[in-house]
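Undergrad: If you scroll down you'll find the structure; I have some questions about it.
The values are calculated or read from the model by the stated rules, or taken from the named source; none is laboratory data. Everything quoted here is computed from the prediction, not taken from an experiment. Heads up, the Cβs are rebuilt from the backbone with ideal geometry, glycines too, and the neighbour counts pull from every protein chain shown.
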Amino acid sequence: MENKTKNIKDSFHTNTKLLGLIGHPIKHSFSPYIHNITSELLKTDYVYLPFDVTNDNLHNALKGMIALDIRGFNVTIPHKENILQYLNNISEEASIVGAVNTVLNDHGTLIGYNTDIYGITETLIPYKEDLNGTTVTIVGAGGGARAVIYSLLRNFKINKINLINRTKERAETLKEYFTDKMKFDHFETFELIPPDNVKLFNQSKLIINATSVGMTPDYDDSITPLKESFNKEQIVFDMVYNPAKTQLLNIAKRSGAKTLDGLMMLAFQAAKSYELWTGEEMPVNKIYKSLQLYIAN
């Protein structure tokens, strides 16, 4: 016990600066691991701590972040949208998407960003030319889907976007929102009924799961259990990162599709957050490989 206490004390000194995460619940988040490993690799004086904050305590928690001079923090469920009302400034992309996942504390001024967009963009950039003029199908109509749509419309020349959701009305709302905000009207909406979606999936160049379907402990679930949904000309991107190889990706891979897991997106979005807070560049590939080993164990 004495040695453990000594190690903890040794990790803090007068120059230590704090970073953090707010959400509820947060015990399964990989963010503390990512950012503390990064600080260790870069030999910077930042320590990243998780703070379990309920909806009722959000405003007070933000006041505490300022009082404690915490340099920056990530924001996760359920605060990504509700936090906007308490911030002093919001980046353009976060304002359009309507969600914040990263906050910079600039001497008491709280500035909100959405680095999920950066994570999505960097994950898909190697396939930019392949996506030109193609159809993309997005499953989901929440914050993840919003970030995906923004990224696609800002950075890729997509011809059409299919929106699939369990409740078609939510997909329609998303369609109308982005048609107005980003002047893109090549949307079509559908209800998530896997047997009926096979042809739709099969005719899409890129399929993105922006839902929690397939996340641990429900790792046997998939937005479609049908191998016929995929082909070898496709890219299938699952934003779920635990497990890294989801049932969706396993099915798609058996059909010859190129598969992208959510871990790479997680690493890229974390890298952007860390850079905003510290000015330092995260070694993304090292962090990605470290995450793979961390999850495997």
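Undergrad: Given the criteria at pLDDT below 95 and either closer than 28 Å to Met215 by Cα or buried (at least 16 other Cβ atoms within 10 Å of the Cβ) (or both), does Gly98 qualify?
TA: Judged against the criteria, Gly98 is a match.
Undergrad: While we're looking at this one, here's another question. Could you pull out the residue among Thr211, Thr189 that is among the polar types (S, T, N, Q) and touching a helix residue (DSSP H, G or I) at 6+ places or on another chain (Cβ under 6 Å)?
TA: Thr189
Undergrad: Could you list, in sequence order, the residues of the stretch 4-34 that are of a type outside the set (Ser, Thr, Tyr), modelled with pLDDT of 55 or more, surrounded by 10 or more Cβ atoms within 10 Å (Cβ to Cβ) and farther than 14 Å from Phe51 by Cα?
TA: If the condition is that a residue be of a type outside the set (Ser, Thr, Tyr), modelled with pLDDT of 55 or more, surrounded by 10 or more Cβ atoms within 10 Å (Cβ to Cβ) and farther than 14 Å from Phe51 by Cα, then Lys17, Ile34 are the ones that fit.
Undergrad: Looking at Val148, Val198 in this structure, which one is surrounded by 15 or more Cβ atoms within 10 Å (Cβ to Cβ), more than 25 Å from Ala267 (Cβ to Cβ), among the β-branched types (Val, Ile, Thr) and not assigned by TED's automatic domain parsing to the domain that holds Leu87?
TA: After applying the criteria, what remains is Val198.
Undergrad: When the stretch 160-176 is examined, which residues are found to be in contact with a helix residue (DSSP H, G or I) (Cβ under 7 Å, 6 or more places away or on another chain) and in a helix (DSSP H, G or I)?
TA: Selection gives Leu174 alone.
Undergrad: For the stretch 273-291, indicate whether the set of residues that are free of Cβ contacts under 8 Å to residues at least 60 places away in the same chain, closer than 23 Å to Ser212 by Cβ and among the polar types (S, T, N, Q) is non-empty.
TA: No, every residue in the stretch 273-291 fails to be free of Cβ contacts under 8 Å to residues at least 60 places away in the same chain, closer than 23 Å to Ser212 by Cβ and among the polar types (S, T, N, Q).
Undergrad: May I ask you to say which residue of Gly142, Gly133, Gly119 is more than 13 Å from the chain's Cα centre (by Cα) and not β-branched (Val, Ile, Thr)?
TA: Gly133
Undergrad: Answer yes if at least one residue in the stretch 59-66 is within 20 Å of Phe268 (Cβ to Cβ) and outside any strand (DSSP E or B), and no otherwise.
TA: No: the stretch 59-66 contains no residue that is within 20 Å of Phe268 (Cβ to Cβ) and outside any strand (DSSP E or B).
Undergrad: Only one of these is surrounded by fewer than 24 Cβ atoms within 10 Å (Cβ to Cβ), polar (S, T, N, Q) and more than 28 Å from Lys17 (Cβ to Cβ): Thr134, Thr109, Thr76. Name it.
TA: Going through Thr134, Thr109, Thr76 in turn, just one is surrounded by fewer than 24 Cβ atoms within 10 Å (Cβ to Cβ), polar (S, T, N, Q) and more than 28 Å from Lys17 (Cβ to Cβ): Thr134.
Undergrad: Among the residues in the stretch 48-57, are any surrounded by 14 or more Cβ atoms within 10 Å (Cβ to Cβ), in contact with a helix residue (DSSP H, G or I) (Cβ under 6 Å, 6 or more places away or on another chain) and either at pLDDT below 95 or part of a strand (DSSP E or B) (or both)?
TA: Scanning the stretch 48-57 turns up at least one residue that is surrounded by 14 or more Cβ atoms within 10 Å (Cβ to Cβ), in contact with a helix residue (DSSP H, G or I) (Cβ under 6 Å, 6 or more places away or on another chain) and either at pLDDT below 95 or part of a strand (DSSP E or B) (or both).
Undergrad: Also: Going through Thr216, Thr246 one at a time, which residue ends up being farther than 20 Å from Thr167 by Cα, surrounded by fewer than 23 Cβ atoms within 10 Å (Cβ to Cβ) and of a type in the set (Ser, Thr, Tyr)?
TA: Going through Thr216, Thr246 in turn, just one is farther than 20 Å from Thr167 by Cα, surrounded by fewer than 23 Cβ atoms within 10 Å (Cβ to Cβ) and of a type in the set (Ser, Thr, Tyr): Thr216.
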